[in-house]
Amino acid sequence: MTKDKFMLDKDGIAKRIAEEVKDGYYVNLGIGIPTLVANFVRNDIEVEFQSENGILGMGPFPFEGEEDADLINAGKQTITALPGASFFDSAMSFGMIRGQHVDLTILGAMEVAENGDIANWKIPGKMVKGMGGAMDLVASAENIIVAMMHTNKAGDSKLLKKCSLPLTGVACVTKIVTNLAVIEVTKDGFKLLERAPGVSVEEIKKATEGKLLVEGNIPEMKL
Amino acid sequence: MIRKTVANVEDALQGVENGMTFMLGGFGLSGIPENAISELVRLNVKNLTCISNNAGVDDFGLGLLLQKKQIDKMVSSYVGENDEFERQMLSEELDVELIPQGTLAARCQAAQQGFPAIYTPAGYGTEVSQFKETREFDGKMYVLEKAFKADFAFVKAWKGDKAGNLIFKGTARNFNPLMCGAAKVTVVEVEELVEPGELDPNQIHIPGIFVQRIFEGKNYEKRIEKRTVRKK
């Protein structure tokens, strides 16, 4: 396994994903690493964050003493609304998502398969908390980036031939950014685009159970 | 003007019985009908089915009904943050139907607007679409999801007038507007109840036609589930 010092941490993954956020994008961020992406988006571009509980133009956490119980994000954290923000009901919120008006969806996953299937909501036999808005997001969004660790705590690959856990959506993930690599999901399998600094192609191959396509020289991520 | 006001929460919940199906607005603890929930606890009605995005926390929101074992079945999209819920679910005292959040919203809205069912891509190819009718439109697969049927909808709005016109605040809006008129009886509690004419008709989110009973709620706690702040 790769030495820890070469792998990206959660902030590193978020920083790399922030590069995928383009000028003029409406973006939905899931809970966990995806939430951190907002911290690294360039400030010379115009981006609005959507939270599916009913806000576009979500801002940072409020200053102490300014928290409002009527203003939270999908993770139930207190937030602020930026100038130009709007509020709406849950049907309109998922209308934005289902109608493909949201340009980019970033979410976490337990497993991704080489055909783009994603599993991130249920581990049979363990407490099931529910899918929230994840199934709606992955069923409709055209541009879905998964932010996750390449392997689970036991060291097993999370990039699989076929998901073992109950699916959240089928053939929907477009890109994966892990602590080891940036990978595109193609019809032929996982295509390696970039390596984390100091991580070798061999190490990525070893940590990837699904079919990994390696074409030519694989550059290191620029962070 | 058709007056929708009732004197208090006791009058507002007249007709509530054991075994009924309720819709309850709110996302997390934001925009939940606190007064109606307290009254349901006091009435101690049992064997309820509750349609609500979340299930509250142990000691607040729907968690209060769970503690008293008043709920037989929950229909929700996300139910974390609640130990008692987890215990009842794992011991099979509580029946739980988990559905995608957008589907939950759409099934409320379908009931409100007279659609028997809607097609959504959410959940296709997953266990959510098992035993459900699916259909292809323009090369993409969709799942047929039916409108909810409920006896009461309990809704929380920010301001309302005596004709039942409603305005919601911030992200406390969430499922509340979609549940208005989606059940046989819609009961709305507001933080501020005003005379007709005081609310600008241009700013109304939900017209009073979708509301049967409205009252001004009391003692709102408006609890924050995850307080996140930054330093000045």
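Per-structure values
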| read-out | value |
| --- | --- |
| A:MET127 vs. criteria modelled with pLDDT under 95 and either in a loop (DSSP other than H, G, I, E, B) or open to solvent by 20 Å² or more (accessible area, probe 1.4 Å) (or both) | yes |
| Residue selected from region B:22-63 under the condition hydroxyl-bearing (Ser, Thr, Tyr) and assigned to a strand (DSSP E or B), by the criterion least open to solvent (accessible area, probe 1.4 Å) | B:SER30 |
| Test: residue in region B:76-86 that is hydroxyl-bearing (Ser, Thr, Tyr), farther than 23 Å from B:ARG107 by Cα and open to solvent by 10 Å² or more (accessible area, probe 1.4 Å) | no |
| Verdict on A:ALA139 being of a type in the set (A, V, I, L, M) and closer than 23 Å to A:VAL37 by Cα | yes |
| Cross-chain or 6+ apart pairs with Cβ under 7 Å, region B:69-89 first and within 9 Å of chain A (Cβ to nearest Cβ) and charged (D, E, K, R), then assigned to a strand (DSSP E or B) and open to solvent by less than 60 Å² (accessible area, probe 1.4 Å) | B:GLU81/B:VAL57 |
| Boolean, B:ALA183 is closer than 16 Å to B:LYS4 by Cβ and either in a loop (DSSP other than H, G, I, E, B) or more than 14 Å from chain A (Cβ to nearest Cβ) (or both) | yes |
| Qualifying residue in region A:143-154 (condition: within 29 Å of B:MET74 (Cα to Cα), of a type in the set (A, V, I, L, M, F, W, C), part of a strand (DSSP E or B) and open to solvent by less than 10 Å² (accessible area, probe 1.4 Å)) | no |
| Count of region A:102-117 residues which are of a type outside the set (D, E, K, R) and either within 10 Å of another protein chain (Cβ to nearest Cβ) or within 21 Å of A:ALA18 (Cβ to Cβ) (or both) | 8 |
| Filtered residues of region A:90-120 (kept if open to solvent by 30 Å² or more (accessible area, probe 1.4 Å) and either part of a loop (DSSP other than H, G, I, E, B) or β-branched (Val, Ile, Thr) (or both)) | A:GLY99, A:GLN100, A:HIS101, A:ASP103, A:MET110, A:GLU114, A:ASN115, A:ASN120 |
| Only listed residue being open to solvent by 40 Å² or more (accessible area, probe 1.4 Å) and either closer than 24 Å to A:GLY169 by Cα or within 11 Å of chain A (Cβ to nearest Cβ) (or both), chosen from B:PHE115, B:PHE137 | B:PHE137 |
| Every residue from region B:205-230 that is more than 19 Å from B:GLN113 (Cα to Cα), surrounded by 15 or more Cβ atoms within 10 Å (Cβ to Cβ) and in contact with a Phe, Trp or Tyr (Cβ under 7 Å, 6 or more places away or on another chain) | B:ARG223, B:THR228, B:VAL229 |
| Residue that is farthest from the other protein chains (Cβ to nearest Cβ), among those in region B:186-232 that are of a type in the set (Lys, Arg) and more than 18 Å from the chain's Cα centre (by Cα) | B:LYS218 |
| Test: residue in region A:158-176 that is open to solvent by 20 Å² or more (accessible area, probe 1.4 Å), in contact (Cβ under 8 Å) with a residue 40 or more places away in the chain and in a strand (DSSP E or B) | yes |
| First in region A:52-76 and more than 7 Å from chain B (Cβ to nearest Cβ), second anywhere and surrounded by fewer than 22 Cβ atoms within 10 Å (Cβ to Cβ) and of a type in the set (Phe, Trp, Tyr), Cβ under 8 Å, 6 or more apart | A:LEU56/A:TYR26; A:LEU56/A:PHE88 |
| Residues satisfying the stated conditions in region B:66-116, i.e. acidic (Asp, Glu) and in a loop (DSSP other than H, G, I, E, B) | B:GLU81, B:GLU92, B:GLU93 |
| Candidate set from region B:99-112 (those that are closer than 11 Å to B:ILE51 by Cβ and open to solvent by 10 Å² or more (accessible area, probe 1.4 Å)); member that is farthest from the other protein chains (Cβ to nearest Cβ) | B:ALA111 |
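The values are calculated or read from the model by the stated rules, or taken from the named source; none is laboratory data. Keep in mind that what you see is a predicted model, and the values were worked out from it rather than measured. Ideal geometry is used to build each Cβ from the backbone, glycine not excepted, and the neighbour counts take in all protein chains shown. Just so you know, the surface numbers come from the protein's heavy atoms only, side chains and all, with ligands and any DNA or RNA stripped out. Shrake-Rupley method; radii C 1.70, N 1.55, O 1.52, S 1.80 Å.
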